[in-house]
Amino acid sequence: METFGAKLVALREARGWSRNRLHQQSGVAYSYLAAVEADEWLPGRDRLEQIVKALGPDASYLLDERDRLEYERMGLDPDSTVLLKDISDDMTDRDRRDLLAIQQRIKDRQRRRSGSGSRGVS
């Protein structure tokens, strides 16, 4: 599996850019870029946005990749967390109530399953 740093290096090199050029184009410190590319640091969202802006639209997937890795590091399920982030940005109060109702139904179903052993599925 390709690391985050390797993905960044591949994007940079695909443009024929040196690390110094990315530093100049993005305004992100050269030493910071070196640490990210070496997988010593996972970049902060603000700095990564600067890098993505410099590299262009096809680098935008790095933002989701960064979030996924950060959620994983925090012990959260990356897929669920990214899904919630995607839908929560423009949620109305009704959307939130609906989502909470779905969550409660799932919890109730899980409780019923665990209470009934492995006899059946709800």
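Need pairs with beta-carbon distance below 6 Å; first residue closer than 22 Å to Glu72 by Cα and within segment 3-14, second not in a helix (DSSP H, G or I); sequence gap 6+ or separate chains.
Taking only residues 6 or more apart or on different chains, the pairs are Thr3/Asp39; Gly5/Ala38; Gly5/Asp39.
What residue, of Asp79, Asp90, Asp64, Asp98, is part of a loop (DSSP other than H, G, I, E, B) and of a type in the set (Asp, Glu)? Before the answer, list the steps.
Details: Asp79 fails: part of a loop (DSSP other than H, G, I, E, B); Asp64 fails: part of a loop (DSSP other than H, G, I, E, B); Asp98 fails: part of a loop (DSSP other than H, G, I, E, B).
The match here is Asp90.
If Ala29 meets every condition in (1) under 18 Å from Asp67 (Cα atoms); (2) in contact with a helix residue (DSSP H, G or I) (Cβ under 8 Å, 6 or more places away or on another chain); (3) surrounded by fewer than 18 Cβ atoms within 10 Å (Cβ to Cβ) apart from one, which number is that one?
(1)
Restricting attention to segment 56-78, report how many residues are among the hydrophobic types (A, V, I, L, M, F, W, C) and either over 9 Å from the mean Cα position of the chain (by Cα) or more than 27 Å from Leu22 (Cα to Cα) (or both).
To start, the set of residues in segment 56-78 that are among the hydrophobic types (A, V, I, L, M, F, W, C) comprises 59, 62-63, 69, 74, 76.
Subsequent filtering for residues that are either over 9 Å from the mean Cα position of the chain (by Cα) or more than 27 Å from Leu22 (Cα to Cα) (or both) retains 59, 74, 76.
The total comes to 3.
Look at Ser122 and say whether it is at pLDDT below 85, of a type in the set (Gly, Ala, Ser) and out of contact with any strand residue (DSSP E or B) (no Cβ under 9 Å at 6 or more places or on another chain).
Working: at pLDDT below 85: yes; of a type in the set (Gly, Ala, Ser): yes; out of contact with any strand residue (DSSP E or B) (no Cβ under 9 Å at 6 or more places or on another chain): yes.
Yes; evaluated as a whole, the condition is true for this residue.
Look through Val28, Val52, Val36 and report the one residue that is touching a Pro at 6+ places or on another chain (Cβ under 7 Å) and modelled with pLDDT of 85 or more.
Working: Val28 fails: touching a Pro at 6+ places or on another chain (Cβ under 7 Å); Val52 fails: touching a Pro at 6+ places or on another chain (Cβ under 7 Å).
The conditions single out Val36.
Go through segment 34-53 and give me each residue that's closer than 16 Å to Leu63 by Cβ, part of a helix (DSSP H, G or I) and not charged (D, E, K, R).
Val36, Leu48, Gln50, Ile51, Val52
For residues that are without any contact (Cβ under 8 Å) to a residue 40 or more places away in the chain and buried (at least 16 other Cβ atoms within 10 Å of the Cβ), tally how many sit in segment 51-69.
4
The values are calculated or read from the model by the stated rules, or taken from the named source; none is laboratory data. Just so it is clear, the model here is predicted, and its values are computed rather than measured. FYI the Cβ positions are ideal-geometry reconstructions off the backbone, even for glycines, and counts take in every protein chain you see.
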